[in-house]
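Enquirer: Dropping a structure here in structure tokens format, bear with me for questions.
The values are calculated or read from the model by the stated rules, or taken from the named source; none is laboratory data. As the structure is a prediction and not an experimental result, all values here were calculated from the model. So basically every Cβ, Gly included, is an ideal-geometry build from the backbone, and we count neighbours across all protein chains shown. For the accessible areas, the whole protein counts, side chains as well, though only heavy atoms, and no ligand, DNA or RNA atoms are used. Shrake-Rupley method; radii C 1.70, N 1.55, O 1.52, S 1.80 Å.
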Amino acid sequence: MKKKSPVFQIFAYTFLSLFAIMNIIPIFWMVINSFKSEQEYSADPFSMPTGLHFSNYAEAWRIANMNVYFLNSLLITFVSLIVTVLLGSLAAYFLARFSFKLRGLTYSLFLLGMLVPIHATLIPIFLIMQKLSLIDTYLSLILPYTAFHLSLTVFILEGFMRGFPKDLEESGIMDGAGIFRIFWSIILPITRPAMATVVILNFIYNWNEYLFALVLITSNALKTLPLGLANFVGIETASYTLQMSALTIALIPIIVFYLLLQKQLVTGMTAGAVKG
């Protein structure tokens, strides 16, 4: 493999470092200000806090009613994620490892789903949910979230599974394993790097999604975290430190989830680079 020139490497690392700094600074500024008192923030929004006011987090949690919104987001996000990954991995397995007449058409339909603007389907989905009496239920969000991400999930996993040697399945068949046993015990474990990418992408979208939740959920008891934060900002317009605290709380699960899957994600990216 041809070695990249030092000039290119310096340029690439410089660009990526600047890009990372540009993304880290707003997050760092938000976290720092979440620990300030309101007086400190008003005096200088860009200074370091003289003390750590953890009470801001407790107050933001209480006023924003985040215990309800947080649990709703966790439930909807993880149920959608599990269903999407399970159905997507099964579909990707059969598309990647089996030959059948409508394989090309089926795969094309999944790819076509990636071209459809998600929010262009908002009104049709609202009407369908209304007909099914699913408005203001968890399913009104779980079903669209699952459907929207099947295309990308199948696309990523199918491309990864297609590169596996046939010897893996043949050895499983020799040991008496059936199709689903081979899928669960052989294919899925070695698909973990690609699975980590799919899980992170789905988790971030489901956790941050706002518009569908705004239209399909009306009850306060079922609202997700983005809706709760929007309401909180409207109520606590004057208290920027509490807003920063609430936003930091909403950001923590994404960071934790990414750190837990970081190793698998990097492994998948490295494997893809070597394969190419």
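Enquirer: Quick check, is F35 in contact with a His (Cβ under 7 Å, 6 or more places away or on another chain), at negative phi and open to solvent by 30 Å² or more (accessible area, probe 1.4 Å)?
Expert: Values: in contact with a His (Cβ under 7 Å, 6 or more places away or on another chain): yes; at negative phi: yes; open to solvent by 30 Å² or more (accessible area, probe 1.4 Å): yes.
So F35 fits the description; yes.
Enquirer: Select, from V274, V256, the only residue that is open to solvent by 40 Å² or more (accessible area, probe 1.4 Å) and modelled with pLDDT of 85 or more. Please lay out each step first, then the result.
Expert: Numbers: V274 fails: modelled with pLDDT of 85 or more.
The match here is V256.
Enquirer: In addition: Just a yes or no: is a residue in segment 108-124 exposed (fewer than 15 other Cβ atoms within 10 Å of the Cβ) and touching a residue at least 60 places away in the same chain (Cβ under 8 Å)? Outline the logic, then answer.
Expert: So in segment 108-124, the residues exposed (fewer than 15 other Cβ atoms within 10 Å of the Cβ) come out as 108-109, 111-112, 114-117, 119-120, 123-124.
Next cut, touching a residue at least 60 places away in the same chain (Cβ under 8 Å) only: 119.
Yes, segment 108-124 contains a residue that is exposed (fewer than 15 other Cβ atoms within 10 Å of the Cβ) and touching a residue at least 60 places away in the same chain (Cβ under 8 Å).
Enquirer: Ok, one more. Of the residues that sit in segment 99-147 and are in a helix (DSSP H, G or I) and among the β-branched types (V, I, T), which one is nearest to the chain's Cα centre (by Cα)?
Expert: At the first step, the residues of segment 99-147 found to be in a helix (DSSP H, G or I) are 103-113, 118-131, 139-147.
Imposing the further condition that a residue be among the β-branched types (V, I, T) reduces the set to 106, 118, 121, 123, 125, 128, 142, 146.
Details: T106: 25, I118: 15, T121: 20, I123: 24, I125: 21, I128: 25, I142: 14, T146: 12 Å.
Taking the candidates together, the pick is T146.
Let's see how each residue does on (1) modelled with pLDDT under 90; (2) within 22 Å of the chain's Cα centre (by Cα); (3) among the hydroxyl-bearing types (S, T, Y); (4) open to solvent by 70 Å² or more (accessible area, probe 1.4 Å):
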{"residue": "K2", "(1), (2), (3), (4)": "yes, no, no, yes"}
{"residue": "S17", "(1), (2), (3), (4)": "no, no, yes, no"}
{"residue": "F28", "(1), (2), (3), (4)": "no, yes, no, yes"}
{"residue": "A58", "(1), (2), (3), (4)": "no, no, no, no"}
{"residue": "M66", "(1), (2), (3), (4)": "yes, yes, no, no"}
{"residue": "F78", "(1), (2), (3), (4)": "no, yes, no, yes"}
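Enquirer: Let me ask something else. Looking only at segment 129-153, count every residue that is within 18 Å of F78 (Cα to Cα) and aliphatic (A, V, I, L, M) and tell me the total.
Expert: Number of matching residues: 7.
Enquirer: Is there a residue in segment 175-182 that is of a type in the set (D, E), in contact with a Leu (Cβ under 8 Å, 6 or more places away or on another chain) and at pLDDT below 90? Walk me through how you get there before you give the answer.
Expert: Within segment 175-182, the first condition is being of a type in the set (D, E), and the residues that meet it are 175.
Next, only the ones that are in contact with a Leu (Cβ under 8 Å, 6 or more places away or on another chain) stay: none.
Checked segment 175-182: no residue is of a type in the set (D, E), in contact with a Leu (Cβ under 8 Å, 6 or more places away or on another chain) and at pLDDT below 90.
Enquirer: Here's a follow-up. Answer yes or no as to whether M22 is closer than 30 Å to S239 by Cβ, in a loop (DSSP other than H, G, I, E, B) and open to solvent by 100 Å² or more (accessible area, probe 1.4 Å). So that I can check it myself, show each step before the final result.
Expert: Numbers: closer than 30 Å to S239 by Cβ: yes; in a loop (DSSP other than H, G, I, E, B): no; open to solvent by 100 Å² or more (accessible area, probe 1.4 Å): yes.
So M22 fails the test.
Enquirer: Pairs, please: C-beta under 7 Å, at least 6 apart or cross-chain, first residue touching a residue at least 24 places away in the same chain (Cβ under 8 Å) and in segment 34-63, second assigned to a helix (DSSP H, G or I) and among the small types (G, A, S)?
Expert: From residues that are touching a residue at least 24 places away in the same chain (Cβ under 8 Å), the pairs are S34/S245; N56/S34; N56/S245; Y57/S245; A60/S245; A60/A246.
Enquirer: Would you confirm, using the coordinates I've provided, whether V154 is modelled with pLDDT under 90 and among the aliphatic types (A, V, I, L, M)? If you could, list the steps in order and put the result at the bottom.
Expert: On the way: modelled with pLDDT under 90: no; among the aliphatic types (A, V, I, L, M): yes.
Here the answer is no, as V154 does not meet what is asked.
Enquirer: Would you mind listing the helices (runs of 4 or more DSSP H) fully within segment 189-245 where at least 2 residues are in contact with a helix residue (DSSP H, G or I) (Cβ under 7 Å, 6 or more places away or on another chain), open to solvent by 20 Å² or more (accessible area, probe 1.4 Å) and among the polar types (S, T, N, Q)?
Expert: Details: elements: 192-208, 211-216, 225-235.
Ranges flagged: 192-208.
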